[in-house]
Every structure is written in C-alpha cells, then in structure tokens.
Amino acid sequence: MTMEKKETIAKMSEGIISDEALQGWNQRIGASLRIGNTFNQFVSYEAIKRYVNGIGDVNPLYRDPEYAKKTRYGTLIAPPNWLYSVFPTWVLQGLPGIQAFHSGNDWKFYRPIYIYDTITPQCIFTGYDVKTSAFSGKMVIEYQRALFHNQRQELVAETDLYLVRAERSTARKKGKYSKLQLPHPWTEEEAEEVDEDVMAEEVRGDNPRYWEDVQIGEELQPVVKGVFGFTDFMAYTVGAAPVSVAAHGVQLREYKKHPAWAFRDPETGAWEPVYGVHYLKSAAKAVGVPFCYDAGAERQGWLINLLTNWIGDEGWIKKNYAEYRRFVYLSDALWLKGKVVGKYMDDEGEPCVDIETSAINQRGENTMPGQSTVILPSREKGTSPLDKRLPPEEYRGTGTPPKL
C-alpha cells in the first residue's frame, strides 16, 4: 500500500486585520514612505541588459548600442518598464503577518530613460479601503503613489498602484483556487505550439507606425510569455529584484530584526523570505495560493513589452493601466494582447491611440485587463511624440554615476 505524501505548508507569521492595526494608518495618509530597498538607480548597460533579459524583451532599441545610435535617441535607452527595477513601486508598511499582493499599476510616462542617467524614486501612502472578498474574507486595499526623477530632478514617470492585504490563514482556509490542476499538464505538442507563438513576436522597430494607418478594431501582434518556469522567474529577479535578496549572515541578521519577513522552509530547513511564495510551493500554499506564481510588476512589464513592440522607435507610451485579476502560476503560458478602441487628437494636439489590453492564460482567463494610451508619429502633420520629449543633446547618455 502506497501512502500519499502529505503536502508541506510553510509556517509563516500570521496576523489579523483589526481596527486597532489600521488606526495608525489614518495619520500616515499623504506621508512619504521610506524606501528601504532600491535595486537599480544608475542606468548602466548591464542594468538595462539584465532587465530586458529578465522579461524576455528582444527589442534592439534596448539591447544593441549600435542600433540605438542610429535612432533619434542617439544612444542606448532603457524601456519605460525598467523603472520597476529601481523599486517595485510600493513599500511594505505595517500589518505584520498580513500578506501583500501587488494588484495593479496606473502609469504615466513623461521622459525617456537614458543610459548613464540616475533615477531616484519616491513613494507616498495615499489611502486605503477595507473590503471583503471570496479569496480571503476581510481585506485591505492599500493605495500608494510612486514618482521617479532623474539626476536633473525632472519627473520621468509616476504611477498610482494598489496592494491587496489579506489574512494568510483565512485565505488558506477558503482555498478559492485549490481545485486548479497545477502544474498545468501540457502535452509535448501543446508546449511546442506555445513555443511557436513566442517565436512569432514582432518588433516594429525603425519602421514608423503612423497614426493615419491605424484602424479602430485593429489587433496587436500578441507577445507570449511561457511556458513560465523557475528560470524565467529567477531571470526577472536578477534583472529587477523586487525585494532585497542577500545570503547567509547578511540576510539572517535582517530576519532576526524582522521575524515576520521570513520563514524556515519545511523542505530544506533553510531560512527563506516571504518573497519565496513566487518559487516555493510550501510558501505559496501558506498564503492561500495553490502554487508558485509570478510577480505583478513582472507581468505588467510583459504588457509594456507588447506596447513598445507595437509602437516602434518613434512611438511613445503615454499611459498604461492594468489590474492583476488572477495569479499566473509556474507552468502557465500567457498571451499578451491588445485591440485599438480609440483614435483621436488629444488636448495638446498629439495623435493618440487607445488600446484595450488583456493577458489570457491557457485556461482562457483574462489575468490582467487594462487600458493604455500611446502617441504615434503623424505622416500628415510631420510630427513625432519624441519631438517634445527628447532632452537637449548634451543630456543624452552623458550622466555620471552618483557619488557614494
């Protein structure tokens, strides 16, 4: 008789969402939050390369210095989603033992990010709501705003975001997603079809996409990410490191100061960060999720990859909004899609296109609905969105590393 092995669940710090726990937040609304961990700030060639490798972005505008020199940028730039590698746009504050699920960003992009720029982030707590959900019962929706300035104190981008704060024990007991078959049982033929879709990616590049040529109802060539594996997630961590990642005594000293940040892995006996929910099944199950899953910033980075592919070197992402409605698990595949739903001149006379976006998994679920606005060059007007966004030539790739 074969005994079925009992699944292990990590033992994490667990808290309860109470009025007392939230009391201090009311006085902090509008306050700047201390950003304890920044990963990239200086925009080096290596920092750009690690990030675009980490999200699987093949666009030569961000990878090939010789190619970039021939564009209007004049040198290598980072993609707008590279800002996720500075810090993940949010700060974990209060409510120890209450899980934080990054659940969406609303971006506005103002200036390009040049190689050798230095980016400084700021984060502000803007409020919260208390709600109930089928996933975890009582939960808190926490709102923050992140701003990113370059070395000339120019605002490069800003984003409003929200986090879902949920009781781990309640989410685990409810088991909303426990009936999913994970990992997904791909056949060899099905997995090969995903590979073919990945390889069908198109980068518009130096062939301008003119506003006049775009039609309402037009669909973007999908960008496909998957089959999503452990190495894919590790590559993202190498490129963006959403949390502080260290080893041995360096990290242990932090865990001793902040016990709620870590747990001892029941499989190996090693200390692991709560961030381990993304790559350890025992950790994911401890927070009520049946399997390891992606990072929200990683997924929205994939979406921005779709947009930069489509707009070409002369296009500009004005706004990018997305909500993370479902988890994307290791073993999933995701089809990032877009459809043109609007076309107009904005109040500043720029030719804009509104795009409805989605991120469909192999189960047919839209894991990340969203809406974006891009600005395209106009053949008739002879304009490009870069006309008013490129800095003077003396500021293009001429920054220096910040002093320590």
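Restricting region 256-305 to residues that are under 16 Å from the mean Cα position of the chain (by Cα) and polar (S, T, N, Q), the residue that is farthest from Ala78 (Cα to Cα) is Gln300. Could we say that Pro112 is buried (at least 16 other Cβ atoms within 10 Å of the Cβ) and out of contact with any Ser or Thr (no Cβ under 8 Å at 6 or more places or on another chain) here? Against the criterion (buried (at least 16 other Cβ atoms within 10 Å of the Cβ) and out of contact with any Ser or Thr (no Cβ under 8 Å at 6 or more places or on another chain)), Pro112 qualifies.
Tell me yes or no: at least one residue of region 177-184 is under 18 Å from the mean Cα position of the chain (by Cα) and buried (at least 17 other Cβ atoms within 10 Å of the Cβ). Outline the logic, then answer.
Looking only at region 177-184, we keep the residues that are under 18 Å from the mean Cα position of the chain (by Cα), and these are none.
No, there is no match, as no residue in region 177-184 is under 18 Å from the mean Cα position of the chain (by Cα) and buried (at least 17 other Cβ atoms within 10 Å of the Cβ).
So how many residues does region 269-311 have that are of a type in the set (A, V, I, L, M), in a loop (DSSP other than H, G, I, E, B), surrounded by fewer than 23 Cβ atoms within 10 Å (Cβ to Cβ) and in contact (Cβ under 8 Å) with a residue 40 or more places away in the chain?
So in region 269-311, the residues of a type in the set (A, V, I, L, M) come out as 270, 274, 277, 280, 283-284, 286-287, 289, 295, 297, 303-304, 306-307, 311.
Remaining after also requiring in a loop (DSSP other than H, G, I, E, B): 270, 280, 287, 289, 295.
Next cut, surrounded by fewer than 23 Cβ atoms within 10 Å (Cβ to Cβ) only: 270, 280, 295.
Going one step further and asking which of them are in contact (Cβ under 8 Å) with a residue 40 or more places away in the chain, we end up with 280, 295.
The number of residues fulfilling the criteria is 2.
From the list Glu348, Glu314, Glu394, the one residue that fits, being closer than 26 Å to Tyr73 by Cβ, assigned to a helix (DSSP H, G or I) and either modelled with pLDDT of 95 or more or among the aromatic types (Phe, Trp, Tyr) (or both), is Glu394.
Which one of these is surrounded by fewer than 23 Cβ atoms within 10 Å (Cβ to Cβ) and under 20 Å from the mean Cα position of the chain (by Cα): Gln41, Gln99, Gln27?
Just one listed residue meets the conditions, Gln41.
Scanning region 214-266 for residues that are among the charged types (D, E, K, R), more than 21 Å from Val203 (Cβ to Cβ) and surrounded by 12 or more Cβ atoms within 10 Å (Cβ to Cβ) gives Glu254, Arg264, Asp265. Let me spell it out: the conditions are (1) over 16 Å from the mean Cα position of the chain (by Cα); (2) in a loop (DSSP other than H, G, I, E, B); (3) buried (at least 18 other Cβ atoms within 10 Å of the Cβ), and Val340 meets all of them except one. Which number is the exception? For Val340, the exception is condition (2).
Could we say that Thr170 is touching a Lys or Arg at 6+ places or on another chain (Cβ under 9 Å), at pLDDT 95 or above and part of a helix (DSSP H, G or I) here? Reasoning before the result, please.
Values: touching a Lys or Arg at 6+ places or on another chain (Cβ under 9 Å): yes; at pLDDT 95 or above: yes; part of a helix (DSSP H, G or I): yes.
So Thr170 passes the test.
Out of the residues in region 243-268 that are touching a Phe, Trp or Tyr at 6+ places or on another chain (Cβ under 8 Å) and in contact (Cβ under 8 Å) with a residue 40 or more places away in the chain, state the one that is nearest to Ala322 (Cα to Cα). By that ranking, first place goes to Val243. Of everything in region 136-156 that is surrounded by 17 or more Cβ atoms within 10 Å (Cβ to Cβ) and in contact with a helix residue (DSSP H, G or I) (Cβ under 6 Å, 6 or more places away or on another chain), the residue that is modelled with the lowest pLDDT is Ser136. You will find that of Val250, Val238, the residue that is farther than 29 Å from Gly312 by Cα and either among the aromatic types (Phe, Trp, Tyr) or not in a loop (DSSP other than H, G, I, E, B) (or both) is Val250 and no other. For Lys285, all conditions in the list (1) at pLDDT below 95; (2) under 21 Å from Gly229 (Cα atoms); (3) charged (D, E, K, R) hold save one; what is the number of the exception? With respect to (1) at pLDDT below 95; (2) under 21 Å from Gly229 (Cα atoms); (3) charged (D, E, K, R), Lys285 is out only on (1).
Does region 72-81 contain any residue that is within 24 Å of Thr383 (Cβ to Cβ), part of a helix (DSSP H, G or I) and modelled with pLDDT of 95 or more? Checked region 72-81: at least one residue is within 24 Å of Thr383 (Cβ to Cβ), part of a helix (DSSP H, G or I) and modelled with pLDDT of 95 or more.
If you go through region 50-69 and keep only what is of a type outside the set (Asp, Glu), loosely packed, with under 15 Cβ neighbours inside 10 Å and closer than 25 Å to Pro401 by Cα, you end up with Pro65, Lys69.
Taking the condition among the hydrophobic types (A, V, I, L, M, F, W, C), touching a helix residue (DSSP H, G or I) at 6+ places or on another chain (Cβ under 6 Å) and either over 19 Å from Asn53 (Cα atoms) or in contact (Cβ under 8 Å) with a residue 60 or more places away in the chain (or both), does Val194 pass? No. When region 317-337 is filtered for residues that are among the polar types (S, T, N, Q) and either assigned to a strand (DSSP E or B) or on the phi < 0 side of the Ramachandran plot (or both), only Asn320 remains.
The values are calculated or read from the model by the stated rules, or taken from the named source; none is laboratory data. Keep in mind the model is a prediction, meaning the values are calculated, not measured. Positions of Cβ are backbone-derived with ideal geometry, glycine not excepted, and every protein chain shown enters the neighbour counts.
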